[in-house]
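Heads up: the structure comes next, in structure tokens.
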Amino acid sequence: MVSTSRTPAGDAAAPALITSIQDWTRLSSRSFVPLTCTTTSPRTFRGDMAAREAGKVHVTHLRFGPHVVERALVTPGDLGAGRFKVGVQLEGRGIVEQGEDTAELGVGDMALYDTSAPYRLEFPDDARLLVLMFDHASLDLPPNAVTHLRARRLGPEDPVHRMVGSFLTSLADHMGELTGMTGQRMGNAALDLLTTSFNRELDGQVSVSLDEKDRLRATVHDYIEAHLADPELNPAMIARAHYISVRRLHQVFHEEGTTVSAWIRRRRLERCRRALEDPVSAAVPISRVASRWGFTDGAHFSRVFRAAYGMTPSQVRARALAA
């Protein structure tokens, strides 16, 4: 494997092995976020990693000796905040701690953690790991819902988690294929599959919860996702479908730190972004892409798209086609 923070797709650099925990700390911090790594066996520590950018997802395949990774208290201005990391245990054992939650991982297990808060990872044995890192906004889940997923083991005994884990494991075996548009699509597929696994886990939590708010929140989000293409989708429509008042609906989203309209807009924009980045849709007018996902006013769509992504729809499309 190539020991580098962000190996360009198709890079043919000679493999390198990290032999000091200090170098491993520096490499890990460059590839992910500022971290501290320690080991009780500094003389025998070995590690190497290969990284690829797959669309919105930074994918890293790592092998290493026993050590501990710590993310310290996040301070204002920390450029590493605002991202999720998902670790897939490929070999060995791992322990993920964040807040009051702890997950012990074996081969085939997955766990999510958040770079915006301190966390600790412990690997007591030689291990191999796949890590996917992406911005909070890339995940199709409300922010508050993710707090119920941090440092939770998602294991292969659940068939959905097993299928998702199998796909992610295959990424580690074919890192060289994560290039250009293929890599971008694989990254999008990984995000979609992770969202499926996370929704599966949240649904399981809701099914045993006595809190009616959890059940309502889950069904409302499923309904919105299924009706994003409908330009008539609005708070009144959603409230009617769930036999609740609009006021109650707004309360649900207020508790998640957002609004109904903002969430619908965010999800529609993400669908549009993916379509604009896909060469298959290159001949489809931008206005049609926008209307396909509920934006009936082209000028409004361009404004909110640029505000969300820092680029116009045409710039996003041009950049993707040039990749």
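Before moving on, here are some points about what is shown:
- Boolean, F198 is open to solvent by less than 60 Å² (accessible area, probe 1.4 Å), touching a residue at least 40 places away in the same chain (Cβ under 8 Å) and aromatic (F, W, Y): yes
- Inside region 102-134, residues that are within 18 Å of the chain's Cα centre (by Cα) and charged (D, E, K, R) make up a count of 2.
- Selection of first residues in region 68-86 that are aromatic (F, W, Y) and of second residues that are part of a loop (DSSP other than H, G, I, E, B), restricted to Cβ pairs under 8 Å at least 6 apart or on distinct chains, gives the following pairs, ordered by first then second residue: F84/T115; F84/L139.
- Residue within region 125-147 that is part of a loop (DSSP other than H, G, I, E, B), in contact with a helix residue (DSSP H, G or I) (Cβ under 7 Å, 6 or more places away or on another chain), farther than 26 Å from A54 by Cα and open to solvent by 20 Å² or more (accessible area, probe 1.4 Å) present: no
- Subset of region 37-74 that is among the acidic types (D, E) and in contact with a strand residue (DSSP E or B) (Cβ under 7 Å, 6 or more places away or on another chain) - its residue that is surrounded by the most Cβ atoms within 10 Å (Cβ to Cβ): D48
- Scanning region 273-290 for any residue that is touching a residue at least 40 places away in the same chain (Cβ under 8 Å), under 21 Å from N188 (Cβ atoms) and among the β-branched types (V, I, T) turns up nothing.
- E255 over 26 Å from the mean Cα position of the chain (by Cα) and surrounded by fewer than 17 Cβ atoms within 10 Å (Cβ to Cβ): no
- Top-ranked residue of region 258-297 - restricted to ones that are open to solvent by less than 50 Å² (accessible area, probe 1.4 Å) and among the β-branched types (V, I, T), ranked as nearest to I224 (Cα to Cα): I264
- Taking region 153-176 as the range and being open to solvent by 60 Å² or more (accessible area, probe 1.4 Å), within 20 Å of V57 (Cβ to Cβ) and outside any helix (DSSP H, G or I) as the test, only H174 passes.
- Condition met for G77 (open to solvent by 10 Å² or more (accessible area, probe 1.4 Å), at pLDDT 95 or above and more than 17 Å from the chain's Cα centre (by Cα)): no
- Looking only at region 75-113, residues that are in contact with a helix residue (DSSP H, G or I) (Cβ under 9 Å, 6 or more places away or on another chain), closer than 16 Å to S28 by Cα and not in a loop (DSSP other than H, G, I, E, B) come to 3 in all.
- Count of residues meeting criterion [in a helix (DSSP H, G or I), touching a Pro at 6+ places or on another chain (Cβ under 9 Å) and either in contact (Cβ under 8 Å) with a residue 40 or more places away in the chain or under 11 Å from C272 (Cβ atoms) (or both)] in region 296-323: 5
- So T179, is it closer than 16 Å to A111 by Cα and at pLDDT below 95: no
- Residue within region 230-243 that is open to solvent by 30 Å² or more (accessible area, probe 1.4 Å) and under 24 Å from the mean Cα position of the chain (by Cα) present: no
The values are calculated or read from the model by the stated rules, or taken from the named source; none is laboratory data. All values derive from a computational prediction rather than experimental measurement. Please note: Cβ atoms are built from the backbone with ideal geometry, for glycine as well, and neighbour counts cover all protein chains shown. Remember, those area values only see protein heavy atoms, side chains included, never the ligands or the DNA or RNA. Shrake-Rupley method; radii C 1.70, N 1.55, O 1.52, S 1.80 Å.
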